[in-house]
Amino acid sequence: MIKNSMVKALNDQINEEMFSSYLYLAMAAQCEAMSLSGFANWMRVQAQEELFHAMKFFGYIAERGGRVELSAIAQPQKEWPSLTTMFEAVYTHECHISECINQLVDLAIQERDYATQNMLQWFVQEQVEEESSADAIVQKMKLVGDAQGAMFMMDRELGTRVFNPPAKEE
Ligand code: OFO
């Protein structure tokens, strides 16, 4: 059976993922207020992905016979000074989440919990993609600057993102 220390750490990660979802929803809200529906769409999809991450931890704890315990979700920031700083904040937040996942892996190794180590590998890989996609947008934003036409193109591009829940066996 899964150890209590591991269950507590995984429960804390559910909160991190729920906060991530809330944070991206706050960003989506600002994009909506700026009438940038494409940017808002990207953030909404990101928020959905984070809910999926939270539920993946939820399901795993339950499957291992642990008790899921939910805690209060902190209020996210409301406004960012620009879209570039907003996406820089996404990138910084994803680096923080990668660190959380690494700490979970450390704990699983310490506890000799091979099943949890195995489950966490999906998140290790996912974080490589999360950091990379946020960084790619930051770089693009820096390139286009405030040029209205380029911003319009980016809004169109980000508007095409759709949420694709990964296959069950992943
Ligand atoms: Fe964005 O990866 Fe979960 O939090």
Give the Cα extents of the chain along the principal axes, in whole Å, largest first. 57, 27, 26
Rounded to the nearest 10 degrees, what's the angle between the helix 114-144 long axis and the longest principal axis of the chain, both from Cα atoms, 0 to 90? 10 degrees
How far is helix 4-33 tilted off the main Cα axis of the chain, in degrees rounded to 10, range 0 to 90? 10 degrees
With angles folded into 0 to 90 degrees, how steeply does helix 37-63 sit against the dominant principal axis of the chain? Use alpha carbons for both and round to 10. 0 degrees
Give a quick list of chymotrypsin sites (Phe, Trp or Tyr not before Pro) in segment 60-107 that DSSP marks as loop, anything other than H, G, I, E or B, with at most 14 other Cβ atoms within 10 Å. none
Computed label-point distance, nm, for sites M34 and C100 using a 7 Å Cα→Cβ extension: 2.4 nm
Fully extended, how many nm does the chain gain between T160 and W122 (0.36 nm per residue separation, minus their Cα-Cα distance)? 11.2 nm
Separation of the K8 and F152 label points, Cα + 7 Å toward Cβ, nm: 5.6 nm
Rounded to whole Hz, the Karplus (6.51, -1.76, 1.60) HN-Hα couplings of segment 148-154, x for glycine and proline: 4, x, 5, 5, 5, 4, 5
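Here, each number is a calculation from the coordinates, and none is a lab measurement. Values in this document were obtained by computation on a predicted structure and should not be read as measured data. Quick reminder, even Gly has a Cβ in these numbers, built from the backbone with ideal geometry, and neighbours come from all protein chains shown.
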